[in-house]
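Peer 1: A single structure is presented below for examination.
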Amino acid sequence: MITALKVLFSVVFVWVCYVVVITCLEHNLFKEWDYLGGIAWMRATLWDFYANILIIYVWICYKEKNWALKILWLPLLFCLGSIASVGYVLIQLFRLKPNEGLKELFGKQNG
């Protein structure tokens, strides 16, 4: 199961990075923001996105004992979004010992 999750999240990480880079090269978000900000679904999507980021950040605060890491992950999540959240999960997956599973992934605090 852990190996499958590593593969899945690695593919998602590469895909999200690709989509973000290609989109950035084709469209300037800052030039298009006035138009995008006027779309109700775009505003709803952003609120939904940041609510999810808050949930992930609360989990990170539980997992991490180091305050510097807790502080570092907040701007990473808010600025990089899914790239950061998938990256964090990948880091946690690769930190697992061979005998550890989902229970340790979600519940074990980092030293």
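Peer 1: Filter the trypsin sites (Lys or Arg not before Pro) in segment 39-111 down to the DSSP loop ones having no more than 11 other Cβ atoms within 10 Å, then list what survives.
Peer 2: Answer in residue order: Lys65.
Peer 1: Can you spot the lysines whose alpha carbon is less than 16 Å from Lys108's alpha carbon? Ignore those fewer than 8 places along the same chain.
Peer 2: Partners found: Lys63, Lys65, Lys70, Lys97.
Peer 1: Would you look at the GNM of the chain, springs on alpha carbons closer than 10 Å, and say which of Leu25, Leu76, Leu96 moves the most?
Peer 2: Evaluated over the chain, the most mobile residue of the options is Leu25.
Peer 1: Let me ask something else. Quick one: compute the contact order of the chain, relative version, from alpha carbon pairs under 8 angstrom and 6+ residues apart, as a percent.
Peer 2: 40
Peer 1: For segment 59-98, what is the convex hull volume of its Cα atoms per residue in Å³?
Peer 2: 64
Peer 1: Counting only residues 5 or more places away or on other chains, whose amide H sits under 5 Å from the amide H of Glu64 once H atoms are built in the peptide plane?
Peer 2: Asn110
Peer 1: Taking Cα atoms, how many degrees apart are the long axis of helix 40-63 and the longest axis of the chain, rounded to 10 and kept between 0 and 90?
Peer 2: 20
Peer 1: Compute the FRET efficiency between Glu104 and Arg43 as 1/(1 + (r/R0)^6), taking r as their Cβ-Cβ distance and R0 = 41 Å, and round to the nearest 0.05.
Peer 2: 0.60
Peer 1: Taking all pairs of distinct Cα atoms, average 1/r, flip it, and tell me the Kirkwood hydrodynamic radius of the chain in Å to one decimal place.
Peer 2: About 15.7 Å, per the Kirkwood formula over Cα pairs.
Read-outs throughout are calculated quantities, based only on the coordinates presented, and are distinct from any laboratory measurement. None of these values were measured; they are calculated from a predicted model. Because the Cβ atoms are built from the backbone with ideal geometry, glycine has one as well, and the counts that use them run over all protein chains shown.
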